[in-house]
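Data first, discussion second: the structure below is written as structure tokens.
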Amino acid sequence: MASTQAFAVGALLIVSFLHLVRCDIIVGSTPLNSGTFDKIVPRFKAVLVKFDQMYPYGEEHDEFKKVASSGQVQEELLIAEVNVDDIAEQEQNKELAERYKAKKDDFPVYKLFLQGRTEPIDYTGNKKSSDEIIRFIVAESGLWLGLPGCMEEFDQLAKSFFKATGDEQKAVYEKVQTAAAAITDEKKKLSADVYVKTMQKILEKGKEFVQSELTRVDKLGKGKLSEKKKAQLKNRSNILMSFKHLLKDEL
Ligand SMILES: *[C@@H]1O[C@H](CO)[C@@H](O)[C@H](O)[C@H]1NC(C)=O
């Protein structure tokens with residue numbers, strides 16, 4: 001009995017020790033160092049790099065894990081980490097951090113590298129919001145990530161909608177109406193209705209509606225509203241981002 005207990009305690013200690021030396025692999029994220037950075041980064045359309053201390057933890061790091069997980073759906077996007085140790089003797093990635101002016105006091109520092117551009121884009125938003133970080137990636141890279149609220153079937157329909165013209169476009173719109181009417185789940189219905197309304201408005205007012213509505217919704221979302229209403233607006237904004245992304249593709 002005693003030996004089983006001792007074994008259990010020993011095992012626990014080992015597990016927690018392993019945890020301390022950071023054995024936790026972050027799903028969807030690739031650690032980079034000075035030997036691999038220049039080989040890997042140029043291969044992707046977009047790479048989000050998090051410069052951070054050697055053993056990051058806490059809320060900001062947890063949000064990063066969510067970003068890494070969301071990034072998996074997009075093949076052209078890489079989510080990466082550069083973990084920096086500046087202690088003499090065991091220095092790691094110090095020169096990478098210096099090259100990109102990622103300062104220790106600012107860690108975690110996010111930078112987005114776009115293919116064909118030498119200077120990365122700095123992320124200046126909230127580091128405790130994976131949502132905001134993801135939106136930054138989508139907005140700057142034009143790459144598609146399934147944001148909350150968006151529905152794949154409707155994103156596909158929106159794509160056909162932009163490809164079509166005249167009566168064809170109206171036909172796609174009617175298809176969207178039918179598909180939306182068939183949805184019974186309340187939350188999905190909310191999303192589907194945003195697709196319907198957006199297409200209706202585009203038919204009436206033209207493509208410019210997407211950007212002006214996005215601006216309006218984002219502004220509205222910053223006001224004094226219930227959390228629920230804010231979440232709904234966020235979903236709506238995400239769907240509009242999806243439209244915006246499709247428009248960008250078209251150009
Ligand atoms: C936003 O969309 C997600 C699905 O992507 C859903 O789970 C969530 O409930 C929606 N939020 C609101 C407030 O409708």
Original post:
Hey, any hits in the range 91-113 for a residue that's touching a Lys or Arg at 6+ places or on another chain (Cβ under 8 Å), touching a residue at least 60 places away in the same chain (Cβ under 8 Å) and open to solvent by 30 Å² or more (accessible area, probe 1.4 Å)?
Top reply: no
Original post:
In this structure, does E60 turn out to be assigned by TED's automatic domain parsing to the domain that holds I25 and open to solvent by 70 Å² or more (accessible area, probe 1.4 Å)?
Top reply: no
Original post:
What is the number of the single condition among (1) of a type in the set (V, I, T); (2) more than 21 Å from R135 (Cα to Cα); (3) within 13 Å of the ligand (Cβ to nearest atom) that V194 does not meet?
Top reply: (2)
Original post:
Is it fair to say L220 is within 11 Å of the ligand (Cβ to nearest atom) and farther than 20 Å from K159 by Cβ?
Top reply: no
**OP:** Exactly one condition in (1) within 16 Å of the ligand (Cβ to nearest atom); (2) open to solvent by 30 Å² or more (accessible area, probe 1.4 Å) is not met by K201; state its number.
**Re:** (1)
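Out of all the residues in the range 204-251, which are of a type in the set (A, V, I, L, M) and surrounded by 13 or more Cβ atoms within 10 Å (Cβ to Cβ)?
As a first pass, look at the range 204-251 and keep what is of a type in the set (A, V, I, L, M): 210, 214, 217, 220, 225, 231, 233, 239-241, 246-247, 251.
Hits for the range 204-251 are V210, L214, V217, L220, L225, A231, L233, I239, L240, M241, L246, L247.
If you take the residues of the range 203-236 that are out of contact with any Pro (no Cβ under 9 Å at 6 or more places or on another chain) and in contact (Cβ under 8 Å) with a residue 40 or more places away in the chain, which of them is farthest from A182 (Cα to Cα)? Steps first, answer last, please.
Here is the first cut: in the range 203-236, the residues out of contact with any Pro (no Cβ under 9 Å at 6 or more places or on another chain) are 203-230, 232-233, 236.
Going one step further and asking which of them are in contact (Cβ under 8 Å) with a residue 40 or more places away in the chain, we end up with 207, 232, 236.
Values: K207: 26, Q232: 21, R236: 20 Å.
Going through the qualifying residues, I end up with K207.
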**OP:** Tell me which residues, restricted to the range 150-173, are open to solvent by less than 100 Å² (accessible area, probe 1.4 Å) and of a type in the set (D, E).
**Re:** D155
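Of everything in the range 106-120, what is among the basic types (K, R) and assigned to a loop (DSSP other than H, G, I, E, B)? Give them in sequence order.
Taking the range 106-120 as the starting set, the residues that turn out to be among the basic types (K, R) are 111, 117.
Result: R117, single match.
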Original post:
Within the bounds of the range 121-136, is there any residue that is aliphatic (A, V, I, L, M), open to solvent by 10 Å² or more (accessible area, probe 1.4 Å) and at pLDDT below 95?
Top reply: yes
**OP:** Go through the residues of the range 174-187 one by one and say whether even a single one is surrounded by fewer than 17 Cβ atoms within 10 Å (Cβ to Cβ), within 16 Å of the ligand (Cβ to nearest atom), modelled with pLDDT under 95 and among the basic types (K, R).
**Re:** yes
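Give the number of residues within the range 121-164 that are among the hydrophobic types (A, V, I, L, M, F, W, C) and either in a strand (DSSP E or B) or within 14 Å of the ligand (Cβ to nearest atom) (or both). First the steps, then the outcome.
Initially, the range 121-164 is screened for residues among the hydrophobic types (A, V, I, L, M, F, W, C), giving 121, 133-134, 136-139, 143-145, 147, 150-151, 154, 157-158, 161-162, 164.
With the extra rule that they be either in a strand (DSSP E or B) or within 14 Å of the ligand (Cβ to nearest atom) (or both), the set shrinks to 121, 134, 145, 147, 150-151, 154.
Looking only at that region, the number is 7.
The values are calculated or read from the model by the stated rules, or taken from the named source; none is laboratory data. Since the model is a prediction, treat every value here as computed from it, not as a measurement. Reconstructed Cβ throughout: ideal geometry from the backbone, glycine too, with neighbour counts over all protein chains shown. The area values use the complete protein model at the heavy-atom level, side chains included, leaving out ligands, DNA and RNA. Shrake-Rupley method; radii C 1.70, N 1.55, O 1.52, S 1.80 Å.
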